[in-house]
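Working notes, structure below.
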Amino acid sequence: MALISKIRKNSWILVVLIALGLIGFIVMDMTSGQQSLFGSSQFTLGSIDGKKVDWNQFNRVEQILYGESGGEVYSRRQTLWNYFVEEAIVQEEAEALGLGVSKAELLDLQFGPNPSPIIQQRFADPATRQVNFQQLNEIRKAIEEGTFTDPRMRSYWAQQEKEIVKERLQSKINNMIAKAVYTPTWMAEMGFVEQNQTIDFTYVKIPFDEIDNTEVTLSDEDYKQYIRENEARLKQEEETRKLEYVVFDILPSSQDSAELRGQIAGLIPEFEATEDDSAFVARNYGDISAMYFTKEELPAAIADTVFRIPVGSVYGPYADAGSFQAVKVLGRELMADSADSRHILIQAAAPTAFAAAKKTIDSLENLLLAGASFDTLALKFSQDPGSSGKGGKYENTTPNQFVPEYNDVLFVTGQPGRYYKVRTSYGWHLIEVLSRSASKTERVKVAFIREAIVPSEATQNEAYRRAQAFVGQNRDIEQFRKSVEGMDGMEVEISPSLKKNDFAVGSLGAAQASRDMVRWAFNANKGEVSPEIYTYQDPVSYYTNKYVVASLRSVQKAGLPSIENIKDEIEQQVINRKKGELIKQRIQGTDLAAIAAGFSAQVDTATNVNFASSFVPTLGSEPALIGEVFNLEQGQVSKPVVGNAGVYVAQVINKPAVGQANNIPQMRRVMAQAVRGQVGSQLIQAMKKNADIEDYRSKFY
C-alpha cells in the first residue's frame, strides 16, 4: 500500500518511463527489419560496390528460374549469384559509359530474326536445335493481346528480360574493349619471327631420379623461395580451409542380398502369368522398353538365354548392374536391318494442339488418296526440317533410330505402299514405308523387374553406431588419425582447399552433407573433430550409403599460403628444384656426348621447333628450355636448364635466318583477333576482381 501511495504521488515518473519505453520500441522498429528507415543487414545476402543483394529477392528469382527442380541446388545458386554480381557490375559500368538497351532493341532481342543468345538457348527446338520462332510468335501475340496472364510465366519473362539486357550491355562493353585492341608494328614483327623461326637442336636430359631423395635436405627457406617465385599461382583471394575425413561405407550384408534375391524370386510366377505386363512392371519398379534388341545390345548376363527361351517366359533372378533382376520376353521379330520411309509431321507442342494436328493429317491423307504428290505436300506442310525439303524421305534408317511409334510402323506393323497415322511426342505423323532391306536380324522385346542390392535399415544402423562410437572416442585430430590407422580398410582422406561457399568436398562430391561440412569448418578451430556425423545418400536408390566423420586440418588466410599448409602439395616440386641444382653442379663441360655418358643418358634431337611450341615430340612440355635455346645462335650450347622433368643441356644445330616480315597488316589482324577472343571471358573476371564484393551467402545456405 505504501508503494502504491508513493507511485500516486510521483505519477510523472511512471508517465516518463512509459513514454521512454514506447519511444524505444518505435526506434527499434525504425532501425531494424526489412522496412527499417536505415535498412537492415538481416536479409542482405551480399553487396556489389554498395548495391545490396536481398535474400528474399534472390530466392524469388531462384524460384522463378528453377521452380522446384532445376538441377543441383548449390550449383544453381552459385550460377545465380554470379549473375547478380555480374549484372550489378555491368549496369554500373554501362551507366558510366552511357550505354543502354532501348525498348525497340529489347523487343528485337526477344522476337527478332537474330535473338539474344539467352533466347537461342532457351527456345531451341530439341530436335533441330534451331530457335522455335513459332513458339516465340505465340508468346509475342499473347503479350500484345493481353492474354499473357499466367503469373509464373509473366514473372519468368520479366526476369528473362533483365538477363537479356545484362547480356546485351556486357556484349557492348566487350565490343568496345575488343575494338580498342591494337597491335603495334614491333609486336607484329616479333610475332612473325615467333611463328616462322624454327630451329633444330640436340639435347641431353638428366632426370631428377638421378639424385636419390635421401641426398636432398629441405629447409623452410627452400619452401619460402618456391612460394615467392610462384606467388601469382599460389596466392589466394580468400580464406580457405582443409578437412581430414574418414568414410564409413555402408555395404549390403550377405543376409541383405539373400532377402532381396528372394523378393525377386517370389514375383517371377506372377510376372510370367500376368497379361498386363505394363501394370505389373509399374507396380514392381521395373521397365518395358519399346525397342527391339539384338543379342549384342542386351546385357551379357542374359543375352544367350533371352534368345533361347519362348516368348512369355521369365528368366531370373540374376544379378546385374547392382540389382537382382528378372527379364520377360514379350516378343521376337525377324526385323529388317534398315528401311526407307517418308512422312509428314504436324507438330503439337501443347495437349490441345494434338486434335488440330490430327485433323490436318486426316486432310492430307485424303489428298494423297485422291492422287496428290507426297513430295509436294511434305515440302509445303511438313514441320520436320530434317526431311521436308527431301519430300519427307528418310533413307537407310536402322531399328530404334526413331521414336518407338514410328519404329513400329517402319519395321514391325507397316506394309509398303500404305499410309499410317501415328501420334508421337512430336505431334501427328503420316507415314509411308517405302522399302525394307533384304538382310534381317532377330530381335526381342523385353520387360524387366528389379530390386536394387542395397543395405537394409539394420545394416545402416550398425554403420551409424560405429561412426558414432568413433566420434565419441576421438575428439581431436591426433586421436582421429591414430584411430584410423588401427582400422582395417579405413583411411584418412584430405579435402582440397575449401572456400566458405563451396558445396563439394573431395571425393564426396556435391551434397547437402558436404555443404554442412564446409559450414562447420568455417566455424571450427584447427584440430577439432566435428561432433556431427554427415550422412550421404545414394543418388539412384536414395538409401544412406555412407557416414562421414570430419576434422579440421588447416586454416589458411587470404594471401600467400604458409609453409605448413602447402608443404604437402609443393614438396615434390621443391625436391625437384633442389635435385636440379645438385645435377647442375655435377655437369662438367659442354660436350653433349660426354655429359650423356657421365649420367648414363642419351643425346636426343628436336626438330622444326618454334618459339610458340607448347609440346615438343620426344621432349614434352619444357617452356624454360625452349626459351633458353631460342636465345642461342647456331652451334652454341646452353647452360644447364632445370625443367619440368629433369635438367637439360642443349645445342642448336640448325637456326635458319628468318626473312623480312612482308605481311605485317595480316599479323596485326591475327594477333589482335587472338586477344579479342579472350575479352569476353577475361574482362568480366577483371571487373569482378576490381569490384568491392561482400559475400554473406554462407550465413544463409
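Couple of notes before you dig in:
- Helices assigned as whole DSSP H runs in the chain whose Cα atoms extend at least 15 Å along their own long axis and whose mean Kyte-Doolittle hydropathy is 1.6 or higher are found at 11-30.
- For region 63-115 versus region 666-682, the gap between their alpha-carbon centres in whole angstrom: 26 Å
- Under 17 Å between alpha carbons - lysine pairs in region 338-436 that sit 8 or more apart or on different chains: 7
- Taking 0.36 nm per residue of separation and subtracting the current Cα-Cα distance, fully stretching the chain between Glu581 and Ala319 would add 88.5 nm.
- Counting every other Cβ atom within 10 Å of each residue's Cβ, Ile288, Ile199 order from fewest to most as Ile288, Ile199.
- Structure-based [θ]222 nm, the chain - -39500 (n - 2.57) summed over DSSP H runs of at least 4, per residue, nearest 500: -14000 deg cm²/dmol
- Take the Kirkwood radius over Cα pairs of region 338-436, plug it into Stokes-Einstein at 20 °C and 1.002 mPa s, and you get 161 µm²/s for translational diffusion.
- Shape summary: the chain maps onto an equivalent ellipsoid whose semi-axes, from the alpha-carbon gyration tensor, are 53, 46, 39 Å in decreasing order.
- Distance between region 312-326 and region 177-232 - C-alpha centres, whole angstrom: 58 Å
- Estimated dipole of region 55-167 in Debye, rounded to 20 [Cβ of Lys and Arg +1, of Asp and Glu -1, Cα centre]: 300 debye
- Over region 254-335, volume per residue of the alpha carbon convex hull, in Å³: 102 Å³
- Pairs beyond 20 Å (Cα-Cα), from Lys51/Lys103; Lys51/Lys235; Lys224/Lys499; Lys205/Lys235; Lys235/Lys688; Lys141/Lys166: Lys51/Lys103; Lys51/Lys235; Lys224/Lys499; Lys205/Lys235; Lys141/Lys166
Coordinate-derived values only; no laboratory data. Treat the numbers as computed from the prediction; the structure is a model and nothing was measured. Heads up, the Cβs are rebuilt from the backbone with ideal geometry, glycines too, and the neighbour counts pull from every protein chain shown.
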